[in-house]
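S.K.: I'd like to ask you about the structure that follows.
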Amino acid sequence: MLTNVRLISKDDLLETVQELARDNYRLLSITATEIAGGFDLIYHFAQGMTMLNLRFSIGYEQEVPSITPFYFCAFVPENELKDFHGIKIANLPINYRQLFILSELTPVKTPLAPRAAAASGTEVLPE
Amino acid sequence: MAWVSSARKRSPWLLHYETGGCNGCAIEFVAALTPLYDLERFGMLNTGNPKHADILVVTGCVNARSGRVLRNLYEQMSEPKVVVAVGVCACTGGIFHDGYNLAPGADKVVPVDLYLPNCAARPEAIIDALLTAADLLAETRRRDQHAHQRAPDQQG
Amino acid sequence: MKRRTVIPFGPQHVVFPEPIQFRLILEEERVVDAIPALGYMHRGIEQLATVKDFTKTLYLAERICGICSVMHTLAYAQAIEELMGIEVPPRAKYLRTIWAELGRLQSHLLWMGLAADAIGYESLFMQTWRAREVVLEMIEFTEGSRIMTGSITIGGTKRDLHAESLEFLLHKLEHLEQALNDIYPVFSDDPLIKQRTVGVGLLSKADAIKLGAVGPTARGSGIAEDMRLLGYAAYGELDFQPVVETSCDSYGRMLVRVKECFQSIELIRKAIAKLPPGEVLVKVKGRPEGEVIMRIEQPRGELLYYLKAGGDKSLARWRIRTPTLSNLPPLVHMVKGARLADVPLITLSIDTCIACVER
Amino acid sequence: MFEMLATVLQNLVAKPATREYPAKRREPFPTYRGRIESLIERCIFCLKCQAACPANCLVVNRKEQTWSVDQYRCIVCGMCVEVCPTEAIVMSRIYHGPARHREPIVTHQEGPIPKFNPRAKDVN
């Protein structure tokens, strides 16, 4: 089950991550799920075998600060968020501009956020 | 020069490109080159250069980005050439056929001469397919030669 | 400032069977920066899982990667079982462990072969792949197929090991151990291999933590982390210690993998000795609901699944974080400052699996 | 030096590691899954296999009494074999060879659709 979840707000993110970086936590990944009106974000950290998950949600238009100053490796999942969900990330040092895994020839944009794509008028996946 | 062409029949060079998919077939293709199956005893050699190759082995489903690379590789190969689609992903897209990023089969991008299904294709099946491809290659070559020889007659 | 050149490395390259591109920025022979360019193998599995039935998604999970297919089905089945509260029979847990370790063996042998090939040691490549065929024979005999085995399913396993197969396994394991005993000293002592790997691709322990290295890459840098210690399947009952090397270079990572082969053989023998009798499959009814995180040790490192289901026939979200995705930032770090000729070997030293990365 | 000589001698007398594949074929293991085949006369057209197929490669037509499989999309997972109530689909140990064209294999059933007897399975 999903245990050890700490609910935070978007503005506390950088501060909390800085603390975790000081305590030698490893960043495992970042997961986004599309929910009504926005996205649900989970940052997975681990110290040895124990996990810690930071969780908050944002609206479609809100921007998330990049945590690359503390965890450089975050550029990989953050570029994925941009690709698959179209989430806006502020201050991303290595920015692939939505071409990290998807290519310019891919017929759909933001495949894992079909509702957002439908709202913005781009092509939608068949259900 | 009959002996030259008969010798060439049994020594086509291979170019392998994995276009996507799970790389299970790609691993099996490499396994077919190793001691237990040993493709090289038929004179086949895996090369990395498309200009040297006669047979293009495609494994995996073709997606938006790799389709372009595949097309490039195919166009760089010199005539005559044979394309073998190994595995169900290269044939039709297999289990991923309704994915948003895929072409349903390699034949949407390059002309495919031989289809080898199965998930994943066994090394034995890959040997079968490549031997058939070698025959096809020899056949095409013979036809081309005939066409060459006949062409001046028809003009005269 | 020296003149800089950009060299595209890949996507079609003899060293790896899979397409990946690195844009290497060079100052003469030194690499100053590397930018990975992905997307040559992307299939959109995470999206397909939101459309397909959750029982069919099991086969999708198997086809994320052809090398660690068993591990992916294991992780997926365990995640669904945890969501639905299914208790798997003990015999099935042991069978899963045996098949997972066979998968690890073939994957490590495959890597050893590719590494030998990258070094330019053709005969060693052939030898390791010959040993790998012994493992594949075991897999085929017990599971019915070489690559896509489909033995693990939600609620247990589809197949059982009877006395004849167990005997076959033990017999072949002895063969394999002999072959590995021949191969091991070559990897650990051969001057050619040492020259190419010792001190190449350095990754300090602090960097490994900061950049999120997992699996043999982390263990080669002195981090004793192995998700098998979480005790999933039957690993909790089989006593073992993770293999750790402290040399922090390609040589260390290579030794970790070679030694893990012996560890896997030992684990399979222990599991066969302890194999309990009984059923292997329980019936599954209903639909999953809730959220779950599943962590599993793949041959390449820690695999992380996040599953969210809302009681529908398909999943709401399936996040796959594969070990190679996590090992990409350490790789970029290692490549910086290396010479161009060493780049293929360093790239191989994290055991890249691009099919996993791009899903 | 002597060690090397021993290896050389051993390799001279030992059998080659290579399987002479096209000339000698190894008997497949009894559990091997090659491809699916239909025993059409047993089919009751319940459409269970079509629903269970992860790759959507089966098309069952009750009206025309046809059962077709696209071997070029089938992933040989064995789901259809498991769900079939009348054992009308079997797993063959022969794998599919290469072909010039890809078309689904269609099998047609003659005569009336057999009645399904749930206990028939036990009798066999």
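S.K.: Measure up C:Lys56/D:Lys48; A:Lys10/A:Lys109; A:Lys88/C:Lys205 against 21 Å on the Cα-Cα distance and list the ones that go over.
M.R.: Working: C:Lys56/D:Lys48 14 Å; A:Lys10/A:Lys109 25 Å; A:Lys88/C:Lys205 33 Å.
In this structure, A:Lys10/A:Lys109; A:Lys88/C:Lys205 lie more than 21 Å apart at Cα.
S.K.: How high is the FRET efficiency from D:His101 to B:Leu45, r the C-beta distance, R0 25 Å, rounded to 0.05?
M.R.: With R0 = 25 Å, the Cβ-Cβ based efficiency is 0.30.
S.K.: Obtain the radius of gyration and the Kirkwood radius of region A:5-120 from its C-alpha atoms and give Rg over Rh.
M.R.: Values: Rg = 14.2 Å, Rh = 14.7 Å.
With Rg and the Kirkwood Rh in hand, the quotient comes to 0.97.
S.K.: Mind checking which lysines have their C-alpha under 27 Å from B:Lys81, skipping anything on the same chain fewer than 8 residues away?
M.R.: B:Lys9, B:Lys51, B:Lys108
S.K.: Apply the Kirkwood formula to region C:221-359: the hydrodynamic radius equals the inverse of the mean of 1/r over all pairs of different alpha-carbon atoms; give it in Å with one decimal.
M.R.: 17.9
S.K.: Shifting gears a bit: Just in region C:249-292: which GluC sites (Glu not before Pro) are loop by DSSP and have at most 13 other Cβ atoms within 10 Å?
M.R.: Listed in order of number, the matching sites are C:Glu279.
S.K.: For chain B, what log10 I(q)/I(0) values come out of the Debye formula at q = 0.18, 0.19, 0.20 1/Å, with one point per alpha carbon and no solvent?
M.R.: Calculated log10 I(q)/I(0) at the listed q: -1.02, -1.12, -1.21.
S.K.: Return the FRET efficiency for the residue pair A:Ile94, C:Asp239: r is the Cβ-Cβ distance, R0 is 56 Å, and the value is rounded to the nearest 0.05.
M.R.: Once rounded, the FRET efficiency stands at 0.80.
S.K.: Angle between the Cα long axis of helix D:2-13 and the longest principal axis of chain D, 0 to 90 degrees, nearest 10?
M.R.: Helix D:2-13 and the main axis of chain D meet at about 50 degrees.
S.K.: Percent of Cα-Cα pairs more than 20 Å apart in region D:1-68, please.
M.R.: Numbers: 1402 of 2278 pairs.
Result for the distance tail: 62 percent.
S.K.: To the nearest 20 Debye, how big is the dipole of region D:29-118 about its Cα centre, given +1 on the beta carbon of each Lys and Arg and -1 on that of each Asp and Glu?
M.R.: Working: 11 positive and 8 negative charges, 32 e Å.
Magnitude of the dipole: close to 160 debye.
S.K.: At 222 nm, what value in deg cm²/dmol follows for chain B if DSSP H runs of at least 4 each add -39500 (n - 2.57) and the sum is divided by all its residues, to the nearest 500?
M.R.: Dividing the helical sum by the residues of chain B leaves -14000 deg cm²/dmol.
S.K.: At 20 °C and 1.002 mPa s, grab the translational diffusion coefficient of region C:37-90 from Stokes-Einstein with a Kirkwood Rh over Cα pairs, rounded to a whole number in µm² per second. Show your work: numbers first, answer last.
M.R.: Values: Rh = 12.3 Å.
Here the translational diffusion coefficient equals 174 µm²/s.
S.K.: Okay, next question. What value does chain C have for Rg/Rh, both radii from Cα atoms and Rh as Kirkwood defines it?
M.R.: Details: Rg = 20.5 Å, Rh = 21.0 Å.
Result for chain C is an Rg/Rh of 0.97.
S.K.: Report Rg(Cα)/(2.2 N^0.38 Å) for chain D, keeping two decimals.
M.R.: Taking N as the residue count of chain D, the ratio is 1.61.
S.K.: Which aspartates and glutamates have a Cα less than 19 Å from the Cα of A:Lys82, not counting those fewer than 8 places away in the same chain?
M.R.: A:Glu34, A:Asp40, A:Glu61, A:Glu63, A:Glu104, A:Glu123, C:Glu46, C:Glu358
S.K.: From a point 7 Å beyond the Cα of A:Asp23 in the direction of its Cβ, which residues of region A:30-62 have a backbone N at a distance under 12 Å?
M.R.: Residues A:45-48, A:50-54 qualify, since their backbone N sits under 12 Å from the label point.
S.K.: I'd like the antiparallel share, as a percent to the nearest 5, of DSSP beta bridges with both residues in region B:13-133. Show your work: numbers first, answer last.
M.R.: Numbers: 1 of 17 bridges.
Bridges in region B:13-133 that DSSP calls antiparallel: roughly 5 percent.
S.K.: Moving on. Rounded to the nearest 20 debye, what is the charge dipole size of chain B about its Cα centre when +1 sits on each Lys and Arg Cβ and -1 on each Asp and Glu Cβ?
M.R.: Here the size comes out at about 340 debye.
S.K.: Another one. Cut-off is 10 Å between beta-carbons; in what order do C:Ile147, D:Ile44 appear when sorted fewest neighbours first?
M.R.: Exposure proxy ranking, most exposed first: D:Ile44, C:Ile147.
S.K.: When the C-alpha atoms of the protein assembly as shown are aligned to their principal axes, what extent does each axis show, in angstrom, from largest down?
M.R.: 81, 72, 65
S.K.: Among C:Gln195, C:Ser314, C:Leu169, whose Cα lies farthest out toward the positive end of the dipole of region C:157-316, if unit charges sit on the beta carbon of Lys, Arg (+1) and Asp, Glu (-1)?
M.R.: C:Ser314
S.K.: Separate question: Any chance you could give the angle, 0 to 90 degrees and rounded to 10, that helix C:250-274 forms with the longest Cα principal axis of chain C?
M.R.: Computed tilt is about 20 degrees.
S.K.: Using a simple charge model, +1 on the beta-carbon of Lys and Arg, -1 on the beta-carbon of Asp and Glu, nothing else, what dipole does chain C show about its Cα centre, in debye to the nearest 20? Let's see the in-between values first.
M.R.: On the way: 44 positive and 44 negative charges, 216 e Å.
The calculated dipole for chain C is roughly 1040 debye.
S.K.: Same structure, new question: Using only the alpha-carbon atoms, how far is helix B:24-33 inclined from the longest principal axis of chain B? Give it as 0 to 90 degrees, nearest 10.
M.R.: Computed tilt is about 40 degrees.
S.K.: Grab every C-alpha pair in region C:114-189, bin the distances at 10 angstrom width from 0 up to the longest one, and report whole percents.
M.R.: P(r) for region C:114-189, in whole percents per bin: 17, 38, 28, 15, 2.
S.K.: Here is a follow-up. To the nearest Å, what is the center-to-center distance of region C:140-168 and region B:111-150, using C-alpha atoms only?
M.R.: Between the Cα centre of region C:140-168 and that of region B:111-150, the gap is 35 Å.
S.K.: Å³ per residue of the Cα convex hull, for region C:34-153?
M.R.: On the way: hull volume 15.8 nm³, N = 120.
Each residue corresponds to 132 Å³ of Cα convex hull volume.
S.K.: Let me ask you something else. Please report C:Asp239, C:Asp160 as a ranked list, fewest other C-beta atoms within 10 angstrom at the top and most at the bottom.
M.R.: Details: C:Asp239 9, C:Asp160 16.
The fewest-first ordering by Cβ neighbours comes to C:Asp239, C:Asp160.
S.K.: Here is a further query. Given Cα pairs under 8 Å that are at least 6 residues apart, what percent is the relative contact order of region A:5-120? Provide the component values of the computation, followed by the final result.
M.R.: Numbers: 178 pairs, mean separation 25.4, N = 116.
It comes to 22 percent, rounded to a whole number.
S.K.: Over 16 Å, how big is the tail of the calculated P(r) for region C:158-201, in percent of all Cα pairs?
M.R.: Distances greater than 16 Å cover 59 percent of the Cα pairs.
S.K.: Can I ask one more? Based on other C-beta atoms within 10 Å, arrange C:Ile80, C:Ile183 from fewest to most.
M.R.: C:Ile183, C:Ile80
Just so you know, all these numbers are worked out from the coordinates, no wet-lab data involved. Bear in mind that the values here come from a model prediction, so they are computed numbers and not experimental data. Virtual Cβ from ideal backbone geometry, glycine too; neighbours counted across all protein chains shown.
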